Amino acid sequence: MIARLAMTNAWTYRRADREDIVELASWRGAGSLGLKPHFHDENQIVLVLSGSRAFRIGGATVTVPAGHAALIPAGMLHAPMTMSDEETACLNAYVPAGRVCSSVRIIRFGQRWRNVDEISPGHVSEIADDILSCAPSHPAGCTDKTKLGITLTESVAPIGAIAAGFGRSREGFSRMVSRELGIPPHTFRRLARLNLARQLLRAGEPIAAAAADAGFSDQSHLTRLFRRTFGTTPGVYWRG
């Protein structure tokens, strides 16, 4: 079972020690936390036990009420929205992106649990399988969108040089990336570096080393951006 989590105004992350679940994150408290737009390298399964969660995705608001679970596909830009003071209990599960999904999907699981500590990793896997089985998908080919994301993530070249490789001016390339990925090139790169730092911390790398390896100027720079984006500090995340 997932250990009982104390009341907190930040997300609490923990490992599931399973191949089919990368990690778990729990929130329990008044309302829910608004965060900066970001994406994950994994599929995110959002299980809402009480209260509700809302996300800004593609210019629309997606609300997940109590008793429902939502799939946010890997790579999808989303911004958790600040909710009311209503008591909210939520569990996020990050599962490997083995299947490429094309859109958000919401299913109902009912009032099976009252507290997040009642949900086992097996329950999480069951719901993940249910929601992924009915989620629309598409082949994991190298589309223009994925090519852009891979290039911006893996290349260390300046944006202008990458733009030239795509046959675009810097300004034209920025417009193309904003249209395809929803954010400018430098913002996408920063989020990709945050996801890399998250991966390094999850593997046990010290915070200062993870900050340097992910391309941040120092530990404080990583800490500031990490908290605004993921709702917790690198130290709390690392200890999870």
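The values are calculated or read from the model by the stated rules, or taken from the named source; none is laboratory data. The structure displayed is predicted, hence computed values, not measured ones. In this analysis, Cβ positions are derived from the backbone assuming ideal geometry, glycine residues included, and neighbour counts consider all displayed protein chains. In case anyone asks, the SASA skips ligands and DNA or RNA and just uses the protein heavy atoms, side chains included. Shrake-Rupley method; radii C 1.70, N 1.55, O 1.52, S 1.80 Å.
Yes or no: the stretch 29-37 includes at least one residue that is without any contact (Cβ under 8 Å) to a residue 24 or more places away in the chain, of a type outside the set (A, V, I, L, M), more than 24 Å from LEU200 (Cβ to Cβ) and in a strand (DSSP E or B). No, that holds for no residue.
Given the options GLY31, GLY75, name the one that is open to solvent by less than 10 Å² (accessible area, probe 1.4 Å) and on the phi > 0 side of the Ramachandran plot.
Working: GLY75 fails: open to solvent by less than 10 Å² (accessible area, probe 1.4 Å).
Matching residue, one of GLY31, GLY75: GLY31.
Restricted to the stretch 35-69, and to residues there that are basic (Lys, Arg) and open to solvent by 30 Å² or more (accessible area, probe 1.4 Å), the residue that is nearest to the chain's Cα centre (by Cα) is LYS36.
Scanning the stretch 82-95 for residues that are open to solvent by 60 Å² or more (accessible area, probe 1.4 Å) and part of a loop (DSSP other than H, G, I, E, B) yields THR82, SER84, ASP85, GLU86. Residue pairs whose Cβ atoms lie under 8 Å apart, separated by 6 or more positions or on different chains, with the first residue in the stretch 189-212 and on the phi > 0 side of the Ramachandran plot and the second of a type outside the set (Ser, Thr, Tyr), are GLY204/TRP238. The lone criterion from (1) in contact with a Gly (Cβ under 8 Å, 6 or more places away or on another chain); (2) open to solvent by 40 Å² or more (accessible area, probe 1.4 Å); (3) over 20 Å from GLN44 (Cα atoms) left unmet by ARG193 is number (3).
Here ALA210, ALA214 are screened, and the one residue that is more than 18 Å from the chain's Cα centre (by Cα), at pLDDT 95 or above and of a type in the set (A, V, I, L, M, F, W, C) is ALA210. Counting the residues of the stretch 157-190 that are in contact with a Leu (Cβ under 9 Å, 6 or more places away or on another chain), open to solvent by 30 Å² or more (accessible area, probe 1.4 Å) and part of a loop (DSSP other than H, G, I, E, B) gives 2. Within the stretch 196-225, being within 17 Å of GLU42 (Cα to Cα) and not charged (D, E, K, R) holds for LEU196, ALA197, GLN199, LEU200, LEU201, ALA203.
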